[in-house]
Amino acid sequence: MSSEHAAGNEDVEPSESSGADQADQPLEGSAAGGGEERPVWDVVVVGAGPAGAAAAYAAAVAGRSVLLLEKAELPRYKTCGGGIIGPSRDALPPGFDLPLRERVHAVTFALNGKLSRTRRSRNMLFGLVNRDEFDNGLVESAVKAGAEIRTGTSVSRVEQHGPAVPDRRTVAVVLAGEEQPVLARAVVGADGSASRIGAHVGVRMDQVDLGLEAEIPVPESVAEDWAGRVLVDWGPLPGSYGWVFPKGDTLTVGVISARGEGAATKRYLDDFIGRLGLAGFEPRVSSGHLTRCRAEDSPLSRGRVLVCGDAAGLLEPWTREGISFALRSGRLAGEWAVRIAEAHDAVDARRQALNYAFAIKAGLGVEMAVGRRLLRIFSRRPGVFHAALTGFRPAWNVFARFARGATSLAEVVRVHPLARRALDTFDRREAAEARATDGASASAAVDSASGAGGGDTPGGREGRDGGDGGGGDEPTAGGRPA
């Protein structure tokens with residue numbers, strides 16, 4: 001917990017009432033530099049994606065004054081497969097009407113276009129949405145709960161000290177092109193993987209991936225072939241995979257791989273679309289985005305500012321699934337932001353921020369740790385995953401239960417001895433390979449140093465190249481190619 005930052009937690013701040021009689025309207029606070037009174041919101045949320053909308057909803061239903069800021073106009077397109085698995089459904093606001101475009105009952109698995117096999121389920125595995133419709137519905141739920149939304153508003157930075165901040169219980173949210181900042185008792189950063197609020201908190205990422213995607217309209221005859229079925233293709237690059245998600249008359253086709261392999265990732269997408277027989281159809285949208293996973297010791301708060309969702313680097317490392325992590329972390333951030341807003345001094349605010357961090361790490365953090373282990377194995381041996389899912393029914397049953405939300409990756413490892421032993425075995429093998437690689441590298445360095453001219457000799461060059469070992473180009477959760 002020591003990596004979390006606090007602003008001014010040595011100070012004890014004056015008490016101020018924040019009872020129910022103030023919940024319907026922002027509090028009045030003194031503006032810096034004069035007697036003008038400006039509203040102070042209980043909670044300001046930056047970013048109106050799933051994480052931000054979930055945070056705004058959670059704070060609003062608690063009776064707090066909430067302002068939700070979004071730089072784009074809504075609804076807006078978002079690069080995303082749009083898969084809604086069980087944990088996402090479970091985290092939605094009560095009564096939320098999912099705008100499903102497809103209900104998935106079958107998954108075709110392929111190993112770089114080969115050895116394909118389709119697995120089917122009598123029950124729905126997961127649903128597919130268009131993000132513009134889904135996100136807009138979440139925002140509407142937050143507004144109905146009492147939050148106020150401002151679109152077309154870009155946040156430049158947040159300040160917790162200085163002339164823009166009227167007192168130590170207040171955070172100033174500085175808006176681009178506006179002289180006066182927005183004031184809040186607590187701020188939630190949900191402004192995406194390139195988050196400015198995340199930069200303020202000091203979020204650090206240790207895995208960055210590039211996703212490329214095309215929205216391809218197709219004729220009815222093609223759409224019928226994909227109805228109720230998705231394709232998952234384990235790709236040619238370490239840690240990569242591709243997908244086809246049908247949404248009515250449109251197929252969402254995408255691939256993802258480690259950042260730093262841009263040209264190879266683009267070739268993978270082109271080849272993938274070509275062998276699917278879709279190259280003759282013009283994409284309506286072609287886009288790309290970076291996904292980022294947080295380092296395990298990365299902070300989740302600073303003073304009265306929390307981060308959640310992509311802004312916090314909360315993402316499942318193996319599949320890079322982010323919607324369920326956004327919804328769950330957003331809800332927690334909104335709930336704990338209410339407690340921070342009610343805190344009368346920096347010590348109490350710090351305590352509530354640490355409680356939020358503990359809640360994230362005890363739940364989503366454990367799932368991410370398992371995902372990192374799975375990614376390490378998958379990056380080296382995708383064929384093992386393919387063989388298990390296509391040829392070993394218990395593995396498929398676990399996948400189906402995970403997709404429906406009946407279990408989690410962490411729970412599978414905890415309660416299934418076979419899964420736990422398999423992961424432990426692969427971890428030991430990886431550690432042994434790493435030790436062998438380190439030994440070879442050290443030996444090569446000694447040989448290089450003993451030769452005339454050191455690193456300029458042929459032996460020296462071989463020592464440097466060989467020192468990277470067979471796994472040097474393969475990504476691990478500890479450090480993906482950047």
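Listing for the model above:
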{"quantity": "Additional length obtainable on full extension of the chain from residue 106 to residue 156, 0.36 nm per residue less Cα span", "calculated": "13.5 nm"}
{"quantity": "Exposure of residue 119 as accessible area (Å², to 10), given a probe of 1.4 Å and all protein chains", "calculated": "20 Å²"}
{"quantity": "Protein-only accessible surface order, largest first, of 308, 80 at 1.4 Å", "calculated": "80, 308"}
{"quantity": "Accessible surface, 1.4 Å probe, highest first, among residues 74, 183", "calculated": "74, 183"}
{"quantity": "Formal net charge of residues neighbouring residue 223 (Cβ-Cβ distance under 12 Å; K, R +1; D, E -1)", "calculated": "-2"}
{"quantity": "Within the range 351-373, backbone nitrogen closer than 18 Å to the virtual label 7 Å beyond the Cα of residue 121 toward Cβ", "calculated": "none"}
{"quantity": "Pairwise FRET efficiency - residue 397 versus residue 270, Cβ, R0 = 45 Å, nearest 0.05", "calculated": "0.80"}
{"quantity": "Linear extension gain, residue 286 paired with residue 225, 0.36 nm per residue minus alpha-carbon span", "calculated": "19.7 nm"}
{"quantity": "Per-residue SASA entry for residue 416, accessible area with 1.4 Å probe, Å² rounded to 10", "calculated": "80 Å²"}
{"quantity": "Probe 1.4 Å, all protein chains present, accessible-area order of 134, 399, 385, largest first", "calculated": "399, 385, 134"}
{"quantity": "Within-15-Å neighbourhood charge of residue 117 [Cβ basis; K, R +1; D, E -1]", "calculated": "+4"}
{"quantity": "Cα-projected label distance for residue 414 with residue 387, points at 7 Å along beta-carbon direction, nm", "calculated": "3.0 nm"}
{"quantity": "Solvent-accessible surface (1.4 angstrom probe) belonging to residue 247, in square angstrom, nearest 10", "calculated": "10 Å²"}
{"quantity": "Span from the the range 130-174 Cα centroid across to the the range 248-297 one, whole angstrom", "calculated": "31 Å"}
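The values are calculated or read from the model by the stated rules, or taken from the named source; none is laboratory data. This one's a predicted model, so the numbers in the text were calculated from it and none came from an experiment. Because the Cβ atoms are built from the backbone with ideal geometry, glycine has one as well, and the counts that use them run over all protein chains shown. Each accessible area value is taken on the protein alone, full model and side chains, heavy atoms only, with ligands, DNA and RNA left out. Shrake-Rupley method; radii C 1.70, N 1.55, O 1.52, S 1.80 Å.
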